[in-house]
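The values are calculated or read from the model by the stated rules, or taken from the named source; none is laboratory data. Everything quoted here is computed from the prediction, not taken from an experiment. FYI the Cβ positions are ideal-geometry reconstructions off the backbone, even for glycines, and counts take in every protein chain you see. All accessible areas refer to the heavy atoms of the entire protein, side chains included, with ligands and DNA or RNA removed. Shrake-Rupley method; radii C 1.70, N 1.55, O 1.52, S 1.80 Å.
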Amino acid sequence: DSFACPTPGPVFTHGDLPAELWDEAFAPFNSMLAPWHALCDTQRFRQHVDQVERLPLSAIASGHGPILTGTAIDDAFRRVRALAGAPIIPPPGQQLLDQILLGAAESVA
């Protein structure tokens, strides 16, 4: 679930995603999927993220977002690090979820 970001439809790579969506949705979506980030020891969390980032990664496939390659990997790790100890971002309310579902249904129809 790490590096999560909603997509506006079929999106394969980070480059297919509107930059403003990545900027606006990354933190809230990751906070929703892993709200424990607010409770973790910031230093230990960041050390773990650093350790994972040192792996020889050329691509990251997320269950909830686009495939990350190149500089998008560095950016995603930076964003995840910033969540450590940060307050939980409240999830969207029912009205927004209904709008999202309606939009998804319309795109399939």
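Look at region 65-84: where a residue is touching a residue at least 60 places away in the same chain (Cβ under 8 Å) and a partner is assigned to a helix (DSSP H, G or I) and aliphatic (A, V, I, L, M), sitting 6+ places away or on another chain with Cβ atoms under 6 Å, you get Leu68/Ala76; Val80/Val49. Scanning region 3-20 for residues that are farther than 17 Å from Leu97 by Cβ and either surrounded by fewer than 17 Cβ atoms within 10 Å (Cβ to Cβ) or touching a Phe, Trp or Tyr at 6+ places or on another chain (Cβ under 6 Å) (or both) gives Gly9, Pro10, Phe12, Thr13, Gly15, Asp16, Pro18, Ala19, Glu20.
Here Pro18 meets the list (1) modelled with pLDDT of 95 or more; (2) under 17 Å from the mean Cα position of the chain (by Cα); (3) over 19 Å from Asp1 (Cβ atoms) almost entirely, failing just condition (1).
Evaluate the following for Glu53: is it in contact with a helix residue (DSSP H, G or I) (Cβ under 6 Å, 6 or more places away or on another chain) and of a type in the set (D, E, K, R)? Break it down into steps so the answer makes sense when it comes.
Numbers: in contact with a helix residue (DSSP H, G or I) (Cβ under 6 Å, 6 or more places away or on another chain): yes; of a type in the set (D, E, K, R): yes.
In short, yes.
With respect to the conditions (1) open to solvent by less than 100 Å² (accessible area, probe 1.4 Å); (2) at pLDDT below 95; (3) β-branched (Val, Ile, Thr), Val108 lacks only one, and its number is (1).
For region 30-55: of the residues being in a loop (DSSP other than H, G, I, E, B) and of a type in the set (A, V, I, L, M), which is farthest from Pro92 (Cα to Cα)? Break it down into steps so the answer makes sense when it comes.
Narrowing region 30-55 to residues in a loop (DSSP other than H, G, I, E, B): 34, 39-41, 54-55.
Checking which are of a type in the set (A, V, I, L, M) leaves us with 34, 39, 55.
Numbers: Ala34: 15, Leu39: 21, Leu55: 34 Å.
That would be Leu55.
Condition check for Gln51 on (1) exposed (fewer than 12 other Cβ atoms within 10 Å of the Cβ); (2) over 14 Å from Ser2 (Cβ atoms); (3) of a type outside the set (Asp, Glu): one failure, at (2).
Residues in region 58-105 that are β-branched (Val, Ile, Thr), open to solvent by less than 50 Å² (accessible area, probe 1.4 Å) and in a helix (DSSP H, G or I): 2 in all.
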